[in-house]
Amino acid sequence: MELINIKNLSMNYSGVSVLKNVSFTIESGDYLVIIGGNGSGKTTLMKGILGLKNVEEGFIEYTGIKKVQIGYLPQTTEISKGFPASVYEVVISGMLSNIGNRTFYNSDDKRLAKESMDRLGIGHLAKKSFRELSGGQQQRVLLARALCGDRELLFLDEPVTGLDPEITEEFYSIIKALNDSGKTIVHISHDVDRVLNDANKVMKLKNEIEFYGSKEDWMNRNFKEN
Ligand code: ADP
């Protein structure tokens with residue numbers, strides 16, 4: 001089932017074009033890896049789909065999902081890792097986009113936060129201070145935050161940056177398990193060779209789409225080029 005249809009999308013910052021004529025669809029169950037050099041527009045594309053940045057041309061149709069069902073794990077540089085809050089507080093803050101005009105979290109929000117912590121095996125850390133955790137644990141907490149609520153689609157922006165190889169592997173397996181359990185994944189990564197083990201589609205961006213297709217087509221294409 002199609003979740004999102006993106007057609008002829010163009011985006012810019014202060015008149016400087018960052019993305020041109022981007023068209024693709026996100027289907028339920030996909031694991032799409034997005035690659036491309038620094039400044040190629042990967043993060044901007046995610047922000048456009050999340051509604052965090054204006055789109056200049058083209059359109060984004062949410063055909064099989066609501067925007068609030070998209071969870072987002074931003075790049076590490078955008079998150080204050082020294083934030084003085086407990087693990088539980090960080091996770092439940094993932095509900096902020098859903099609570100609308102309510103002033104307080106209700107019992108459903110609290111239940112969903114607990115479920116999200118349990119799913120990622122961090123329930124026992126609930127009362128710990130976020131800033132005292134290891135990098136790998138912090139990243140799990142932020143993934144639990146992104147998943148908190150009724151999220152069907154998960155956007156991950158270079159989620160393993162700065163993690164050591166073992167913790168990185170563990171994080172990749174968590175993402176794969178989420179995909180196997182039915183979540184749709186869009187993952188910006190520098191490590192296409194590794195992420196391709198788990199992904200089914202690839203997009204290569206350089207302000208325009210240089211490649212978009214199945215993992216098999218991507219591998220055949222590389223094979224022909226080499
Ligand atoms: P990527 O994620 O592929 O590294 P980005 O989408 O972050 O690329 O950035 C694409 C281009 O947009 C870059 O040239 C970057 O400098 C520019 N850019 C990103 N964010 C901003 C911003 N907030 N203001 C102005 N320019 C920006």
**Asked** Is there a residue in the stretch 1-14 that is among the hydrophobic types (A, V, I, L, M, F, W, C), surrounded by fewer than 16 Cβ atoms within 10 Å (Cβ to Cβ) and not in a strand (DSSP E or B)?
**Response** yes
**Asked** Among the residues of the stretch 177-198, is any surrounded by fewer than 19 Cβ atoms within 10 Å (Cβ to Cβ), over 24 Å from G41 (Cβ atoms) and among the hydrophobic types (A, V, I, L, M, F, W, C)?
**Response** yes
**Request:** Could you check how many residues of the stretch 126-175 are in a strand (DSSP E or B) and either open to solvent by 10 Å² or more (accessible area, probe 1.4 Å) or in contact with a Gly (Cβ under 8 Å, 6 or more places away or on another chain) (or both)?
**Result:** 4
**Asked** Picking from L45, L3, L19, L52, which residue would you name as being aliphatic (A, V, I, L, M), within 16 Å of the ligand (Cβ to nearest atom) and closer than 30 Å to D118 by Cβ?
**Response** L52
**Candidate set: the stretch 176-194, residues that are outside any helix (DSSP H, G or I) and farther than 14 Å from R151 by Cβ; chosen: the one nearest to the chain's Cα centre (by Cα)** = H187
**Flag for T103 being open to solvent by 20 Å² or more (accessible area, probe 1.4 Å) and not hydrophobic (A, V, I, L, M, F, W, C)** = yes
**Request:** Within the stretch 22-58, track down each residue that is among the acidic types (D, E) and either open to solvent by 40 Å² or more (accessible area, probe 1.4 Å) or assigned to a strand (DSSP E or B) (or both).
**Result:** E27, E56, E57
**Message:** Residue under question is E61, and the condition is that it be away from the ligand (no atom under 16 Å from the Cβ), open to solvent by 20 Å² or more (accessible area, probe 1.4 Å) and of a type in the set (D, E); does it hold?
**Reply:** yes
**Complete set of residues in the stretch 87-116 that are aliphatic (A, V, I, L, M) and within 15 Å of L73 (Cα to Cα)** = V90, V91, I92, M95, L96
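The values are calculated or read from the model by the stated rules, or taken from the named source; none is laboratory data. All values derive from a computational prediction rather than experimental measurement. All Cβ positions, even for glycine, are placed from backbone atoms using ideal geometry, and neighbour counts span all protein chains on display. For the accessible areas, the whole protein counts, side chains as well, though only heavy atoms, and no ligand, DNA or RNA atoms are used. Shrake-Rupley method; radii C 1.70, N 1.55, O 1.52, S 1.80 Å.
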